[in-house]
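> Dropping the structure in here first, questions after.
Computed from the coordinates by the stated procedures, all read-outs in this text should not be read as laboratory data. This one's a predicted model, so the numbers in the text were calculated from it and none came from an experiment. Positions of Cβ are backbone-derived with ideal geometry, glycine not excepted, and every protein chain shown enters the neighbour counts.
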Amino acid sequence: MKTIDCRGQACPAPVIATKKALEESDTSLCVLVDDGAPRENVGRFARNRGYQVVEAAAEDGWTLQITGSAATEGTDQNNSRSSVSGDRVLLITSDHLGEGPQELGYLLMKNFIFTLLETPQQPARILFLNSGVLLATEGAETVEALKQLEDRGVELLACGVCLDYFKKKEQLAVGQVTNMFSTAEHLLTASSVIKL
Amino acid sequence: MGQQVVSEGQYLAVFNSTHRVLKAEGLLKNSGLPIMLIPAPRAVQADCGLAIRFDEDHLNVIIALLTEQNLLPAFLCQFTNNTYVTIREYQHENH
């Protein structure tokens, strides 16, 4: 089994290296990563592509044993998590909805997120970019509703660069940190994307 | 399924004016009251569809503040036994 060492690399480098290594031939791969976002992102990336991932703590990081077949690629839309609503993705790029007074826009965004709890169909995942990440951080009134959505199987992914920009990386209250690589993949493989 | 947006026993002050509900929200929050402005549930019909949610503990102080500032809602209801029961309607202009 081929081994790649991604320790010490910042996201999205480990995901890109993993993708490249898997594309080059192997149906199995061993990836060494740092704990935290790199470990989570590489694991998620592989699982989303239909691979099995076994994680084990190693010296100075984690070992991810990735096995399976690239032929299963594309099963993303059929896996249990995505089947929530046929891989419908919500892209939220602002903490307010629409153009106009900030106060009204914020109210509308909050209302929209709470209303999702009452709609029969829910997105498979919600991607938060730019000031949209603030909706998932400590103190935001939307956290309560987002936690309920997460409990129902909606995957919540917040842009790490954006959290860092707003100095809110440690204050993410719900969902997971993600990178642009993963964001782009989710957008390009979604059956539909709704941008707010 | 997770819990509901409105829990058993909680109250909703339902407004029909966006400006009015925003003013009321600001007033109550500035007074340190734990309230949340939410979309009015489907079962509760409201023109602008906004409601302020709060616990019973704060009912009296909230109604007193809203009365004092002339910001009473269109009506007040309580979520009990999985139903929204209207407690009181307020007759005034500009809900």
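> Between A:THR119 and B:ILE87, what is the label-to-label distance in nm when each label sits 7 Å out along the Cα-to-Cβ direction?
Using points 7 Å along Cα→Cβ, the separation is 3.1 nm.
> Let me ask you something else. Any idea what the relative contact order of chain B is, in percent, if you count C-alpha pairs under 8 Å spaced at least 6 apart? Show your work: numbers first, answer last.
On the way: 157 pairs, mean separation 36.2, N = 95.
Relative contact order of chain B: 38 percent.
> Ok, one more. Of A:ASN179, A:SER191, A:LEU22, which is farthest along the charge dipole of chain A in the positive direction, counting Lys and Arg as +1 and Asp and Glu as -1 at C-beta?
A:SER191
> So, R0 is 51 Å and r is the distance between the beta-carbons of B:ASN70 and A:THR189; what FRET efficiency does that work out to, to 0.05?
On the way: r = 54 Å, r/R0 = 1.05.
FRET efficiency, B:ASN70 to A:THR189: 0.40.
> Now, a different point. Sequence neighbours fewer than 8 away in the same chain don't count; with that in mind, list the aspartates and glutamates whose C-alpha is under 15 Å from A:LYS20.
A:ASP5, A:GLU73, A:GLU185
> Please report the relative contact order for region A:2-73, taking Cα pairs under 8 Å with a sequence separation of at least 6, and give it as a percent rounded to a whole number.
Values: 127 pairs, mean separation 24.0, N = 72.
So the answer I get is 33 percent.
> Taking 0.36 nm per residue of separation and subtracting the Cα-Cα distance, what length does fully extending B:ARG42 through B:ASN30 add?
Values: separation 12, 0.36 × 12 = 4.32 nm, distance 2.84 nm.
In short, 1.5 nm is gained.
> Now a separate question. Ranked by Cβ crowding within 10 angstrom, fewest neighbours first, how are A:ASP34, A:ASP95 ordered? Before the final figure, lay out each step's value.
Values: A:ASP34 17, A:ASP95 22.
Ranking A:ASP34, A:ASP95 by Cβ neighbours within 10 Å, fewest first, gives A:ASP34, A:ASP95.
> Further, regarding this structure: Would you work out the relative contact order for chain A, in percent, from Cα pairs under 8 angstrom that are 6 or more residues apart? Mind showing how you got there, number by number?
Numbers: 360 pairs, mean separation 37.1, N = 196.
The normalised contact order for chain A reaches 19 percent.
> Order by neighbour count: B:LYS29, A:LYS20, fewest other Cβ atoms within 10 Å first, most last. Walk me through the numbers on the way to the answer.
Working: B:LYS29 14, A:LYS20 10.
Result, fewest neighbours first: A:LYS20, B:LYS29.
> Another question, then. Would you give the gap between the C-alpha center of region A:135-155 and the C-alpha center of region B:1-37, rounded to a whole Å?
Here the two parts' Cα centres lie 18 Å apart.
> Calculate the dipole size of region B:11-89 relative to its Cα centre from +1 charges on Lys and Arg beta carbons and -1 charges on Asp and Glu beta carbons; express the result in debye to the nearest 20.
Working: 6 positive and 7 negative charges, 40 e Å.
With only Lys, Arg, Asp and Glu charged at Cβ, the dipole is about 200 debye.
> Cut-off under 20 Å on the C-alpha distance; same-chain residues fewer than 8 positions from B:LYS29 excluded. Which lysines are left, in chain and number order?
B:LYS29 reaches A:LYS110.
> What residue among B:THR67, A:LEU32, A:CYS162 has its Cα farthest toward the positive end of the dipole of the protein assembly as shown, where the charges are +1 on Lys, Arg and -1 on Asp, Glu, each on the Cβ?
A:CYS162
> Between A:SER131 and B:ASN60, what is the spin-label point distance in nm, taking each point 7 Å from the Cα along the Cα→C-beta axis?
The two pseudo-label positions are separated by 4.1 nm.
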